[in-house]
Amino acid sequence: MPERTYREIHMQVIISNLPPEVTTETLLQEIQDRHIKIVDIKLETSGDPDKVMAIVSLDTGHAGATALEKRVNGKYWHGRMLSAYAIRNV
């Protein structure tokens, strides 16, 4: 099995407790950072439209994902207290 290179390892940040009216565009405007490249944002409701979660895929290492996690986690946005955590996507 070939060894993975750094560029093949991406990070994701999961953001939960988003408001039901959120769109990928409004979320991107809120979380965009000139130091972190956001590759994709997927919104999920898991069958309950009031419980929206975003899976944000990043082209960055652990430090960049953790920086975004810290910036978003605990933030009050559109009447909601957001939760965020970074995970490694291999």
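Any read-out appearing in this document is the output of simple, stated calculations on the displayed coordinates, not a laboratory observation. All of these numbers come straight from a predicted model, not from anything done at the bench.
When the chain is treated as a Gaussian network with alpha carbon springs shorter than 10 Å, the biggest mean-square fluctuation among His62, His35, His78 belongs to His35.
How far, in nm, would the chain grow between Leu28 and His78 when pulled straight, counting 0.36 nm per residue and subtracting the alpha carbon separation?
Between Leu28 and His78, full extension yields an extra 16.6 nm.
The phi-based Karplus calculation (6.51 cos²θ - 1.76 cosθ + 1.60; θ = phi - 60°) puts the 3J(HN,Hα) values of the stretch 28-41 at 4, 4, 6, 9, 4, 9, 5, 9, 10, 8, 8, 8, 7, 10 Hz, whole numbers, x for Gly and Pro.
Determine the gain in length on full extension of the stretch Lys51-Ala63; use 0.36 nm per residue of separation and subtract their C-alpha separation, reporting nm with one decimal.
Working: separation 12, 0.36 × 12 = 4.32 nm, distance 2.79 nm.
Stretched fully, the Lys51-Ala63 segment lengthens by 1.5 nm.
Computed from Cα positions, the angle between helix 62-72 and the longest principal axis of the chain comes to roughly 10 degrees. Once Rg and the Kirkwood radius are both taken over the C-alpha atoms of the chain, their ratio Rg/Rh works out to 1.00.
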